[in-house]
Amino acid sequence: RNDTAKLGTGAAHADPDIAKADLARIQGNPNAPLWVIEVSDFQCPYCKQWHDETYKTFRDELVSTGKVRLAYVNFPLESHHYAWPAAESAMCAAAQGKFWEMHDALFNTQKKWEALPSPALFFDSLARAQCVDAERWHQCVRSGKMKALIQADHDRAATAGANATPSFMIGDKLL
């Protein structure tokens with residue numbers, strides 16, 4: 001069982017938005033007997049497949065029942081040009097407590113935004129649809145403040161042996 005509360009850097013964050021975002025991508029009972037860490041990329045077609053075919057059942061049957069605590073770790077792949085902006089969009093929504101809503105919106109619309117010459121306006125519309133404070137979300141995205149958290153996610157997952165998405169860490173096992 002992984003008892004760490006912070007996923008990104010493992011240290012307390014000075015910026016309250018980063019601290020809130022770090023915790024917002026964890027769902028489930030804090031006393032769940034098992035952690036599952038999803039190492040994922042919002043532009044990865046296999047991550048979308050897991051989201052579309054398995055995530056809801058996993059969440060409803062294991063997370064919502066208190067058996068598992070699920071955490072999302074960003075692992076944007078270089079081959080996916082919009083993976084970083086998507087991760088930043090999600091983490092800036094997370095700073096307002098809307099990570100899982102943005103997570104679902106990004107995966108549900110992946111085919112649309114990945115084909116655009118620039119997804120920035122599309123990500124903006126997704127954030128607004130999740131009822132975030134648009135100005136606060138824009139300021140967060142423009143500042144790039146979530147980049148260090150996303151990089152820390154990537155680095156920690158790679159150190160744990162993840163080299164593809166999706167990967168899952170269950171207890172001390174990497175799948």
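Tabulated values for the structure
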quantity	calculated
Pairs, first surrounded by fewer than 17 Cβ atoms within 10 Å (Cβ to Cβ) in region 22-37, second among the polar types (S, T, N, Q), C-beta under 6 Å, six or more apart	none
Where LEU7 falls short, out of the listed (1) buried (at least 21 other Cβ atoms within 10 Å of the Cβ); (2) at pLDDT 95 or above	(2)
Leading residue by the ranking (surrounded by the fewest Cβ atoms within 10 Å (Cβ to Cβ)) among those in region 93-147 that are within 16 Å of the chain's Cα centre (by Cα), assigned to a helix (DSSP H, G or I) and of a type in the set (Gly, Ala, Ser)	ALA105
Yes/no for SER89 being buried (at least 22 other Cβ atoms within 10 Å of the Cβ), among the hydroxyl-bearing types (Ser, Thr, Tyr), under 15 Å from the mean Cα position of the chain (by Cα) and modelled with pLDDT of 95 or more	yes
Residue in region 39-56 that is aliphatic (A, V, I, L, M) and without any contact (Cβ under 8 Å) to a residue 24 or more places away in the chain present	no
Test: residue in region 50-73 that is open to solvent by less than 30 Å² (accessible area, probe 1.4 Å), in contact with a Ser or Thr (Cβ under 7 Å, 6 or more places away or on another chain) and assigned to a helix (DSSP H, G or I)	no
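The values are calculated or read from the model by the stated rules, or taken from the named source; none is laboratory data. Computed from a prediction, not measured in an experiment: that's the story for all the values here. Virtual Cβ from ideal backbone geometry, glycine too; neighbours counted across all protein chains shown. Just so you know, the surface numbers come from the protein's heavy atoms only, side chains and all, with ligands and any DNA or RNA stripped out. Shrake-Rupley method; radii C 1.70, N 1.55, O 1.52, S 1.80 Å.
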